[in-house]
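> Below you'll find the structure I mean.
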Amino acid sequence: MVLIVAGFFVAAFCVPVAMILLVSGLSAAQVAESKPVAHSDRKREVAKEVVTMENFGRVRIGMTDHEVFSILGRDYELNAESGSGGIRTQVLTWHAAGISGGNCNVILQNRRVVSKAQFGLHG
């Protein structure tokens, strides 16, 4: 079971993050050194209630960042950011309430969704 979960984690999180590193030119060391940045003053308990499998499913490739924020809220962490050749790339993470480790990641390029992944979301 651990291997299946680990394999799912690799497929759901590491592959999209590896894609962002390749496209953005960030090194793994740069990402490892980056610190998450919270982007909300709202109470985390309230904001996290919107991070569900149902709402994650509403996020679509090609959506704007504002469309994603209207679904998942603005209580996210900026895990990586890069800009080169007129392309700005960001990896954003939302954490679910009451679920240890439950989260979703959205990768944006020039403020549009290019990839998404989730782990442990319910509802």
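The values are calculated or read from the model by the stated rules, or taken from the named source; none is laboratory data. Please read all numbers here as calculations on a predicted model, not as lab measurements. A quick note on method: Cβ atoms are made from the backbone with ideal geometry, for glycine too, and the neighbour counts reach across all protein chains shown.
> Given the structure, is Q118 touching a Ser or Thr at 6+ places or on another chain (Cβ under 6 Å) and either polar (S, T, N, Q) or at pLDDT 55 or above (or both)?
no
> Turning to a different aspect of this structure: Within region 88-103, restricting attention to residues that are over 12 Å from T52 (Cβ atoms) and at pLDDT 95 or above, which residue is surrounded by the fewest Cβ atoms within 10 Å (Cβ to Cβ)?
Per the criteria, the residue is R88.
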